[in-house]
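For reference, the structure is listed below as structure tokens.
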Amino acid sequence: MSHARPGLTTCSQYDAALHALSAARQRWAETSVNRRLALLRQIKDALAGIAPAWVAAAAAAKGLPAGDPLAGEEWLAGPCALMVGCNGLIATLEQLEEKTFLRRIPLRTLADGRLALRVVPGTLWDRLLLSGVRAEIWMQPGVNRAHLDRYAARAYDIPPAARQGKLALVLGAGNVASIAPLDVLHKLFIENQVCLLKLNPVNDYLHDLLAQALAPLIAMDALRIVTGDARAGAWLTTHPAVDEIHITGSRETHDVIVWGEGETARQRRAAGTPLNPRRVTSELGGVSPTIIVPGPWSEADIAFQAQQLATQKMNNGGFNCVASQVLILQQGWEPATALLNQLYRLIAANTRPDYYPGAENRLTDFRLRARQPLEIARGDALPLIVANTDDDPGSASRRSLARGCRSPVLRPIVRKAFCARRSAMRISGCRARWGQYCDPPAHPQSDWT
């Protein structure tokens with residue numbers, strides 16, 4: 001099978017796809033749980049068949065030679081991630097009655113009274129592949145254990161005949177290949193919306209493979225997959241058949257869709273009157289911080305966490321929405337120098353190609369704006385530039401890491417260590433939705449139930 005880039009979809013093909021989806025949207029909204037479970041199992045079978053070809057195509061597109069160990073990233077962030085998504089939906093739908101799936105999620109109460117759900121590790125694979133990593137969902141104030149079920153799988157609380165079918169345009173990510181199909185599964189199975197998926201030109205070479213993996217949904221007219229450039233995407237965002245939009249991409253692209261361009265866009269934003277009236281959800285590239293919790297780190301701690309930091313930064317060549325872009329360190333913490341030196345050595349040894357379009361231009365722009373930049377050579381690949389962003393002498397030292405890539409809530413231990421004024425730290429210019437802690441000491445788990 002050829003994995004060459006497919007021809008761009010024409011406007012007439014877009015219209016035909018949207019017509020088929022529009023006709024099927026109410027039928028999909030009323031589709032039974034048993035039918036949805038059958039579809040997910042069919043997708044898993046189809047995905048298993050095309051997974052090796054998916055990985056091979058992605059590795060080749062990113063300049064990785066055949067047999068390169070880094071192709072393992074393509075497995076984990078490609079077909080494996082999509083398979084995990086299918087498994088999660090199946091596990092939830094199988095236990096939908098009385099929402100018994102909630103019983104397997106550990107809960108704890110935060111210091112401010114809010115409820116936290118531990119979602120990672122959730123499986124044996126999580127424990128093996130993400131050893132020591134924990135992730136929580138912090139619920140909004142007022143959500144408690146007694147009525148948590150009211151906020152889970154709410155789309156299924158509505159009787160099928162009372163649901164309102166909708167059509168969503170999904171504008172896919174160009175960096176991590178599993179994001180676009182996972183967005184599609186979310187819209188279909190969590191929000192009851194049929195989908196037109198427009199692939200990003202950076203990875204639209206996966207069109208035919210994704211069409212095979214998701215063929216059961218396409219056969220039901222619940223999904224169409226198309227390609228096209230930015231102009232095509234802009235045209236689709238205003239198509240009358242489209243009810244909602246989801247985008248994974250840059251803030252700039254999002255703002256153009258919602259507000260338009262130029263001075264009129266600024267005026268619309270100020271007035272709160274968007275150009276595009278549709279509901280738009282988004283996952284936008286951010287500036288994700290990693291907070292280094294100070295303490296009596298051993299040499300083994302430093303070596304291990306340096307590898308963790310390098311992986312956070314350099315996974316997928318550094319082209320990740322959640323790649324670590326800022327390190328926050330306590331001023332005067334002695335192990336910081338050893339940690340940074342090891343981190344820089346690991347990054348210098350990573351010489352994989354820079355595949356994402358525009359990377360060199362963005363890196364040049366960062367270099368021009370950086371204060372006290374430190375450049376780490378990486379052979380023939382673009383360097384990594386470290387800039388001192390310590391513009392607030394209050395409590396911490398910050399370092400920005402850039403490779404041309406496109407405010408966490410702090411726990412009390414971190415507030416005490418970093419903020420002498422005992423106020424939550426504001427990270428200037430940071431709109432991150434993801435925070436990572438490097439904290440070698442084990443945390444007590446006794447508060448989980």
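So that you can scan it fast, the table gives a plain yes or no per residue for (1) surrounded by 18 or more Cβ atoms within 10 Å (Cβ to Cβ); (2) part of a strand (DSSP E or B):
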position	(1), (2)
266	no, no
270	no, no
280	no, yes
297	yes, no
339	yes, no
360	no, no
364	no, no
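Just so you know, in segment 72-111 the residues that are touching a helix residue (DSSP H, G or I) at 6+ places or on another chain (Cβ under 8 Å) and in a loop (DSSP other than H, G, I, E, B) include one that is surrounded by the most Cβ atoms within 10 Å (Cβ to Cβ), and it is 78.
Where residues in segment 378-398 are farther than 30 Å from residue 200 by Cβ and in contact with a strand residue (DSSP E or B) (Cβ under 7 Å, 6 or more places away or on another chain), which of them is modelled with the lowest pLDDT? Once the filter is applied, the top-ranked residue is 396.
Kindly indicate whether residue 180 is modelled with pLDDT of 95 or more and touching a Ser or Thr at 6+ places or on another chain (Cβ under 9 Å). Yes, satisfied.
Between a residue in segment 211-234 that is closer than 15 Å to residue 189 by Cβ and any residue that is hydrophobic (A, V, I, L, M, F, W, C) and assigned to a loop (DSSP other than H, G, I, E, B), which pairs come within a Cβ distance under 9 Å, given they are 6 or more apart or on different chains? So the pair list comes out as 216/222; 223/214.
Among the residues of segment 213-268, those that are over 18 Å from residue 18 (Cα atoms), among the β-branched types (Val, Ile, Thr) and in contact with a strand residue (DSSP E or B) (Cβ under 6 Å, 6 or more places away or on another chain) comprise 248, 258. Total residues in segment 112-121 satisfying the condition of being loosely packed, with under 14 Cβ neighbours inside 10 Å and over 22 Å from the mean Cα position of the chain (by Cα): the figure is 2. Identify all residues within segment 24-51 that are under 13 Å from residue 221 (Cβ atoms) and in a helix (DSSP H, G or I); write none if there are none. Within segment 24-51, 24, 25, 26, 27, 28, 29, 39 qualify. Filtering 21, 70, 82 for residues that are under 23 Å from residue 216 (Cα atoms), of a type outside the set (S, T, N, Q) and under 22 Å from the mean Cα position of the chain (by Cα) leaves a single hit, 82. Do we find that residue 262 is more than 21 Å from the chain's Cα centre (by Cα) and buried (at least 18 other Cβ atoms within 10 Å of the Cβ) in this structure? Answer is no for this residue.
Here is a yes/no grid of residues against (1) under 18 Å from the mean Cα position of the chain (by Cα); (2) over 25 Å from residue 250 (Cβ atoms):
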position: 172; (1), (2): yes, no
position: 176; (1), (2): yes, no
position: 191; (1), (2): no, no
position: 203; (1), (2): yes, no
position: 208; (1), (2): no, yes
position: 222; (1), (2): no, yes
position: 229; (1), (2): no, no
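Counting only residues that are of a type in the set (Val, Ile, Thr) and not in a helix (DSSP H, G or I), which one in segment 158-180 is nearest to residue 278 (Cα to Cα)? In this case the residue turns out to be 170. Can you tell which of 148, 128, 124 is of a type outside the set (Asp, Glu) and either buried (at least 16 other Cβ atoms within 10 Å of the Cβ) or in contact with a strand residue (DSSP E or B) (Cβ under 7 Å, 6 or more places away or on another chain) (or both)? Exactly one residue qualifies, and that residue is 148.
Taken over segment 227-254, the criterion of being surrounded by fewer than 16 Cβ atoms within 10 Å (Cβ to Cβ) and under 20 Å from residue 287 (Cα atoms) is satisfied by 250, 251, 252.
The values are calculated or read from the model by the stated rules, or taken from the named source; none is laboratory data. Note that the coordinates shown come from a computational prediction; the quantities given were computed from them, not determined experimentally. Here the Cβ is made from the backbone with ideal geometry for all residues, glycine too, and neighbour counts use every protein chain on show.
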